[in-house]
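Since the structure comes first, as structure tokens, the remarks are kept for the end.
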Amino acid sequence: MAAEMNRMPFFYNQEGRLVQVDYALQAVSRGSTTIGIKTNDFALLSSQVKPTRPLMEPAEKVFVVDDHIGATGSGYIGDVTTLLDQLRVAAQRHRVVYDEPIDIGTLSRNLSEYLHEFTMYAVRPFGASVILAGIDHLGVQLVQVDPSGTTFKGSAFAIGQASDDALETIVKGYRPDLSVEEALALATQAVEGVNGGKSVIEHGVVTSTSKKFEHQNLAHAVA
Amino acid sequence: MTTTVGIRSKEGVVLAADKRASKGFFVGSKVVQKIFALDGTTAVAIAGAMSDAEYLVNLAKAERRLLALRRGYPLSVKESAKLISNIVYSSMKSYNPFYVELVVAGVDGEGAHVYTSDMSGAITSEDFMSSGSGSPIAYGVLEQGFRKEFTLDEAKKLAEAAVRAAMERDPGSGNGVDVLAIPNSHAYGEAN
């Protein structure tokens, strides 16, 4: 029986777990530290960029999905970019069908259903978690979607390497009245705190006033 | 039915169109919009079946946005025209054509451009172009009035005059003129 289970790792094991999905989550926890912070006025995405070597351009980690939505991810970067394209196509398809920008709930459900498909059959689930930040009729939204298709809504998330410690830093420093600059500093502190000092971090912000998701450069935030 | 006109000048590009939607020999609408901006840099004037044209414009908007996001910089006017003509061409080849004639006009790093795409997907680019049932009349005005050294304002005036002339003699065109001008300075900006 046990041998049979090993031959079919995409089925439940005897503890009732989907080990492939567990392994996918483990792959995410090996990824670079990535953070999302939300208040009523804005949502911020921050991701550590690695590896950084001389003469190499840092990889893009924070992405524009549509005018009003951004995404970042942790895990296998190839998987992250594939999921990102899924998000972008869903956002544009929504515009073609409804002539309206997609809302975050519909978009995250689309991604969640896509990821869930890969937990049902003999295929490799995506080794990536995604954090979405955006604004719609319900306000500023922050959502995390895991390889299992599980979706979380909330005010702060951390995924990737040492994400528990990073989240602890954020929980300590979080206030509902944080400014964008303070949130940037907090995210930077959280990422650098678990990665042994100075890190290359990419940020993206959407605010309730601009309603646009834009890359944020750190120099501007410090000033 | 319809008259649309596109003119390129050294300062930018102009689109003009009438506002009549015909239902056979009946004026279906007097306030129809026939010029659609794909973004701040590129716009399309439509003639033919409204439903086909609007669907095509929405599809082009989405495909342009996706490509721009994927590769990190926006499409040139030629790429936009080609994108639309590829969609139209493949539809024609699968016996499901879009009944449209479009004028695609815009500005990019190379300046101002005007293209037309018919329902076969053929695209051509000239200094000024017209489409729709009133286009033979509009072309008469354009051929007489066009100068290469036009300012954007002069191009606007000629585009409007060409559509107005067509409205006088073409029963498929009428009820006023819409004009859209895109200056070169909008190139690669997301203005308006």
Exercise for review: Alpha carbons only, please: Rg and Dmax for the protein assembly as shown, in angstrom.
Suggested key: 26.2, 88
Revision key, fill the gap. By the DSSP-based rule, helices of chain A that are at least 24 Å long along the axis (C-alpha) and have a mean Kyte score of at least 0.0 are A:77-98
Practice item. Among the aspartates and glutamates, select those whose C-alpha is under 19 Å from the C-alpha of residue A:153, and discard any that sit fewer than 8 residues away in the same chain. Key: A:41, A:103, A:113, A:136, A:164, A:168, A:177
**Study point:** Relative contact order of region B:53-192, defined on C-alpha pairs under 8 angstrom at six or more residues apart (%)
**Key:** 19 percent
Revision key, fill the gap. Among trypsin sites (Lys or Arg not before Pro) in region B:2-75, those in a DSSP loop whose Cβ has at most 16 other Cβ atoms within 10 Å are B:10, B:30
Check your understanding: Based on Cβ point charges of +1 for Lys and Arg and -1 for Asp and Glu, what charge dipole magnitude is obtained for chain B about its Cα centre, in debye rounded to the nearest 20?
Key -> 340 debye
Check your understanding: Mind listing the Cα extents of chain A along all three principal axes, in Å, largest one first?
Key -> 63, 47, 37
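When you count, for each residue, the other Cβ atoms within 10 Å and take the mean per peptide, how do B:102-111, A:167-176 rank with the highest first?
Highest mean packing first, the order is B:102-111, A:167-176.
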Revision key, fill the gap. Only helices counted: for chain B, with every DSSP H run of 4 or more residues adding -39500 (n - 2.57) and the sum spread over all residues, [θ] at 222 nm is -12000 deg cm²/dmol
Practice item. Tell me what chain A gives for mean residue ellipticity at 222 nm when only DSSP H runs of n ≥ 4 count, each as -39,500 (n - 2.57), the sum divided by the residue total, rounded to 500 deg cm²/dmol. Key: -11500 deg cm²/dmol
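Report the charge-dipole magnitude of region B:145-185 in Debye, nearest 20, computed about the Cα centre from +1 at each Lys and Arg Cβ and -1 at each Asp and Glu Cβ. Show your work: numbers first, answer last.
On the way: 6 positive and 7 negative charges, 21 e Å.
The calculation lands at about 100 debye.
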**Study point:** In Hz, Karplus ³J(HN,Hα) per residue of region B:83-93 (6.51, -1.76, 1.60; θ = phi - 60°; x = Gly, Pro)
**Key:** 4, 5, 5, 5, 5, 5, 5, 5, 5, 4, 5
Practice item. Would you kindly state how much longer the chain becomes between residue A:152 and residue A:171 on full extension, computed as 0.36 nm times their sequence separation minus their alpha carbon distance, in nm to one decimal? Key: 5.2 nm
Check your understanding: So if R0 is 41 Å, what FRET efficiency would residue B:169 and residue A:215 give, r being the distance between their Cβ atoms, rounded to the nearest 0.05?
Key -> 0.15
Check your understanding: What does the average come to when, for each residue of peptide A:80-87, you count the partner chain Cβ atoms lying within 10 Å of its Cβ?
Key -> 1
Revision key, fill the gap. Amide H contacts under 5 Å for residue B:114, restricted to residues at least 5 apart in sequence or on another chain and with H modeled in the peptide plane, are B:126
Study note, to complete from the structure: For residue A:211, counting only lysines whose alpha-carbon sits under 18 Å away and dropping same-chain residues fewer than eight positions off, the answer is A:38
Revision key, fill the gap. On each of the three principal axes the extent of the alpha-carbon atoms of region B:4-185, given in whole Å and largest first, is 46, 41, 25
Check your understanding: Of B:111, B:83, B:135, whose Cα points farthest to the positive end of the dipole of region B:4-185 (charges on the beta-carbon: +1 Lys, Arg; -1 Asp, Glu; origin at the Cα centre)?
Key -> B:83
Practice item. Quick one: what are the phi-derived ³J(HN,Hα) couplings along region B:12-18, Karplus 6.51/-1.76/1.60 with θ = phi - 60°, whole Hz, x for glycine and proline? Key: x, 10, 10, 10, 9, 8, 7
Check your understanding: Using the alpha-carbon centroid of each, what span in Å lies between region B:1-22 and region A:154-223?
Key -> 48 Å
Review point. Which of B:31, A:86, A:48 sits farthest toward the positive end of the charge dipole of the protein assembly as shown, with +1 on the Cβ of Lys and Arg and -1 on the Cβ of Asp and Glu?
Key: B:31
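None of the figures in this text is laboratory data; all of them are computed from the coordinates on show. Note that the structure is predicted; figures quoted are calculated from it, not measured. Heads up, the Cβs are rebuilt from the backbone with ideal geometry, glycines too, and the neighbour counts pull from every protein chain shown.
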